[in-house]
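Scroll down for the structure; my scribbles are underneath it.
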Amino acid sequence: MQSGLTDVFAAERVRAIAAAHQAERGALLPILHDIQAEFGYVDPAVEPVLADALNLSTAEVHGVISFYRDFRRECAGRVTVRVCRAEACQAVGANALVEHAEASLGVEMGDTTRDGAVTLDEVFCLGNCALGPAVQVGDRLHGRVSPARFDALLGEAR
Ligand code: FES
């Protein structure tokens, strides 16, 4: 939560999201997805709130959040860049592109640049397999992304 879960509004929203799914089987995952969609990440401070709402232990909630790579633990940068690492893209250089991206941005996969501008993420298929390596910058999909094109896309995004 941008303002932290100590923010009364944020804590109330988390409780409301939990309440909306409470009766569902396996409610925790849809709740976590909704929290991430609303706040951009899943703040560690939601763990006890959700544990209380779902009658689980905090360790159980923490375990689920840690298990799924989908859930971001920190606020994302202004732009998220996702590089596909699935098989078809790997076959045409995705791993080299990931190395280039990490070096170019000075971060590791999953991290955000110090200036808060860009978050680098991996993804396993963007549905653009015939045009790999595929990269998504914000909500725009790009195909056949070479290292030079990656840098150009980043320049535009920043
Ligand atoms: S494998 Fe990369 S877009 Fe499908």
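Worth a mention:
- Near pairs, Cβ below 8 angstrom, 6+ apart or cross-chain, from the range 116-127 (without any contact (Cβ under 8 Å) to a residue 60 or more places away in the chain and more than 17 Å from Asp70 (Cβ to Cβ)) to any residue that is more than 7 Å from the ligand (Cβ to nearest atom) and basic (Lys, Arg): Gly116/Arg78; Ala117/Arg78; Ala117/Arg158; Val118/Arg78; Val118/Arg158
- Summed over the range 58-87, residues that are of a type in the set (A, V, I, L, M, F, W, C) and loosely packed, with under 14 Cβ neighbours inside 10 Å total 2.
- Hey, Val107 within 29 Å of Ala45 (Cβ to Cβ), in a helix (DSSP H, G or I) and over 12 Å from the mean Cα position of the chain (by Cα) or not: no
- Qualifying residue in the range 57-69 (condition: assigned by TED's automatic domain parsing to the domain that holds His21, under 21 Å from Phe9 (Cα atoms) and hydrophobic (A, V, I, L, M, F, W, C)): no
- Counted as qualifying within the range 110-158 are the strands (runs of 3 or more DSSP E) with 1 or more residues that are in contact with a helix residue (DSSP H, G or I) (Cβ under 8 Å, 6 or more places away or on another chain), in the same structural domain as Gln90 (by TED's automatic domain parsing) and more than 18 Å from Ala88 (Cβ to Cβ), namely 118-123, 135-137.
- Considering the range 36-57, the residues that are under 12 Å from the mean Cα position of the chain (by Cα), over 14 Å from Tyr68 (Cα atoms) and of a type in the set (A, V, I, L, M, F, W, C) include one that is surrounded by the fewest Cβ atoms within 10 Å (Cβ to Cβ), namely Ala37.
- Residue ID - nearest to the ligand (Cβ to nearest atom), chosen from residues in the range 105-134 that are surrounded by fewer than 17 Cβ atoms within 10 Å (Cβ to Cβ) and among the small types (Gly, Ala, Ser): Gly127
The values are calculated or read from the model by the stated rules, or taken from the named source; none is laboratory data. Small disclaimer: the values here were computed from a predicted structure and weren't measured. Methodologically, a virtual Cβ is constructed for each residue, glycine included, from the backbone with ideal geometry; neighbour enumeration extends over all protein chains shown.
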